[in-house]
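Below is one structure, written out as structure tokens, with a few remarks after it.
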Amino acid sequence: MAVLDGLNEAGYRACLVGGAVRDLLLDVAPKDFDVSTDAEPEQVVAVFGRKARLIGRRFQICHVRFGREIVEVSTFRADPGGADAGEDTRELDDAGRVLRDNVFGSIAEDARRRDFAINGLYFDIADHKIYDYVGGLADVEHRCLRLIGDAGVRYREDPVRMIRAVRIASKLDLTIDERARPPAELVDLLADVPAARLFDEVLKLLMHPAGPRVYDGLRHYDLLRPLFDQTMAVLDSPAGTASEALIRNAIANTAARIEIGKPVTPAFIFAALLWPAVRERAATLEREGMPAAPALASAQSDVVTRQVRRVAIPKRFSIPMREIWQLQPRFHKRRGRQPERLIPHPRFRAAYDFLLLRAQVGEVEQELADWWTQIQDDPSTPEPASAAGTSRRRKRRGGGRRRKPSPESA
């Protein structure tokens with residue numbers, strides 16, 4: 001790897017660290033390659049020049065770009081302090097979450113700072129050896145996910161570690177060590193994590209072939225509640241069974257598409273996750289006297305506005321997500337030329353797939369989904385009996401259809 005070679009040639013110790021080493025040992029193709037070094041961030045920039053950029057305030061790291069690839073380079077960090085190491089040098093909030101931590105140290109200290117033992121393995125480019133200071137190799141052998149340090153302290157430092165535990169264990173088929181299981185009393189700390197960061201984490205959780213297992217883990221440890229509290233309010237209600245099935249089916253469908261290399265979009269997953277809350281809110285507004293179309297539009301705004309305070313949804317995904325919802329009532333309009341106007345819509349396919357999910361859980365009639373499936377293959381598919389004979393073309397006042405004047409008469 002060019003980053004490792006560059007740092008090594010400049011006289012610094014450079015190691016491949018974390019998930020890449022873990023995945024290689026587990027015979028899994030690594031997705032990302034992170035580097036850890038004794039070079040401080042400014043020294044990394046000096047080595048790679050314009051290819052390098054410093055980012056982060058809480059943990060300052062360096063991004064080094066080679067073409068389309070970005071390699072994250074971090075500097076070995078010191079032990080945080082405490083009874084054995086002296087005063088804690090980090091900046092913490094009242095809940096124990098780390099706000100700032102840029103005191104550098106040795107590779108052994110850096111290993112003890114990492115979250116899970118299997119992420120604390122270092123492959124040194126100089127001697128091609130793996131260095132293990134926290135028992136990570138044994139955990140790889142036993143396929144166990146073990147937290148480094150006390151769960152209460154480590155999860156308070158960074159609550160995202162709780163969902164990372166579920167994600168890593170689910171994707172790699174690991175057993176979560178009893179002492180690493182997310183404590184119920186700390187789950188609500190996730191509500192204080194920046195919404196933009198949680199958006200990235202949700203993508204890692206569910207946009208993956210192991211998405212269904214990850215979802216099961218989130219439900220088991222009640223970690224979905226602080227992420228999607230409006231959804232959980234519906235899932236906890238008597239009507240929650242069908243909503244749960246719709247979400248699970250959406251995640252399973254996305255996982256299957258990823259597995260075979262088909263395109264997927266987070267908009268579809270978010271549409272499924274938030275639809276139960278949107279549907280319930282729209283029903284409430286209709287009971288209060290609001291017409292169906294304005295009720296659906298208002299419900300969408302209400303739910304999304306509240307949701308983005310927990311998990312941010314960028315407009316490039318929230319707009320198509322809302323279009324998927326907005327097209328659902330149009331599937332019930334099958335008279336005349338309405339179907340041929342709907343099918344070319346750029347969001348038709350995603351909305352149609354969503355309709356299929358709704359039919360699977362009994363939210364709409366299966367006949368409706370089947371009709372839309374058939375008409376895509378055979379545009380001559382007749383209207384359903386309930387709609388046949390009710391379509392009338394509007395005529396212009398004053399007689400028949402007006403014709404454009406010919407050039408001769410102009």
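The values are calculated or read from the model by the stated rules, or taken from the named source; none is laboratory data. What you are looking at is a predicted structure, and each value in this text was computed from that prediction instead of being measured. Glycine also receives a Cβ, built like all others from the backbone with ideal geometry; neighbour counts cover every protein chain displayed.
Could you list, in sequence order, the residues of segment 1-25 that are under 16 Å from residue 145 (Cα atoms), surrounded by 23 or more Cβ atoms within 10 Å (Cβ to Cβ) and out of contact with any helix residue (DSSP H, G or I) (no Cβ under 6 Å at 6 or more places or on another chain)?
21
Could you list, in sequence order, the residues of segment 108-141 that are in contact with a strand residue (DSSP E or B) (Cβ under 6 Å, 6 or more places away or on another chain) and part of a helix (DSSP H, G or I)? Spell out the reasoning first.
Initially, segment 108-141 is screened for residues in contact with a strand residue (DSSP E or B) (Cβ under 6 Å, 6 or more places away or on another chain), giving 110, 113, 116, 121-125, 130-132, 136.
110, 113, 136 - these are the residues of segment 108-141 that are in contact with a strand residue (DSSP E or B) (Cβ under 6 Å, 6 or more places away or on another chain) and part of a helix (DSSP H, G or I).
Mind counting the residues in segment 264-310 that are of a type in the set (A, V, I, L, M) and touching a residue at least 60 places away in the same chain (Cβ under 8 Å)?
The initial filter retains those residues of segment 264-310 that are of a type in the set (A, V, I, L, M), namely 264, 267, 269, 271-274, 277-278, 282-283, 285, 290, 292-293, 295-297, 299, 303-304, 308.
Then drop every residue that is not touching a residue at least 60 places away in the same chain (Cβ under 8 Å), which leaves 267, 269, 271-272, 303, 308.
Going through segment 264-310 one residue at a time, the tally reaches 6.
Across segment 55-71, what is the number of residues that are over 22 Å from residue 119 (Cα atoms) and outside any loop (DSSP other than H, G, I, E, B)?
Count: 2.
For residue 97, work out the one condition from (1) more than 11 Å from residue 17 (Cβ to Cβ); (2) modelled with pLDDT of 95 or more; (3) not small (Gly, Ala, Ser) it doesn't fulfil.
Unmet condition: (2).
Would you kindly identify the helices (runs of 4 or more DSSP H) lying entirely within segment 325-389 that contain at least 2 residues that are in contact with a helix residue (DSSP H, G or I) (Cβ under 7 Å, 6 or more places away or on another chain) and in contact (Cβ under 8 Å) with a residue 60 or more places away in the chain?
Counting at least 2 such residues, we get 348-360.
Considering only segment 237-286, state which residues are charged (D, E, K, R) and not in a helix (DSSP H, G or I).
262
Can you give me the number of residues within segment 358-410 that are over 23 Å from residue 336 (Cα atoms) and at pLDDT 50 or above?
Within segment 358-410, residues that are over 23 Å from residue 336 (Cα atoms) and at pLDDT 50 or above number 6.
Would you check which residues across segment 142-178 are surrounded by fewer than 17 Cβ atoms within 10 Å (Cβ to Cβ), at pLDDT 95 or above and either part of a helix (DSSP H, G or I) or not assigned by TED's automatic domain parsing to the domain that holds residue 117 (or both) and list them?
Residues satisfying the conditions are 142, 173, 175, 178.
Counting only residues that are aliphatic (A, V, I, L, M) and buried (at least 19 other Cβ atoms within 10 Å of the Cβ), which one in segment 321-339 is farthest from the chain's Cα centre (by Cα)? Write out each step before concluding.
Step one: of segment 321-339, the residues aliphatic (A, V, I, L, M) are 321, 324, 327.
After this cut, where a residue has to be buried (at least 19 other Cβ atoms within 10 Å of the Cβ) as well, the list is 321, 324.
Numbers: 321: 14, 324: 18 Å.
The extreme case among them is 324.
Within segment 22-54, work out how many residues are closer than 19 Å to residue 77 by Cα, of a type in the set (Val, Ile, Thr) and either touching a residue at least 60 places away in the same chain (Cβ under 8 Å) or not in a helix (DSSP H, G or I) (or both).
Matching residues across segment 22-54 total 2.
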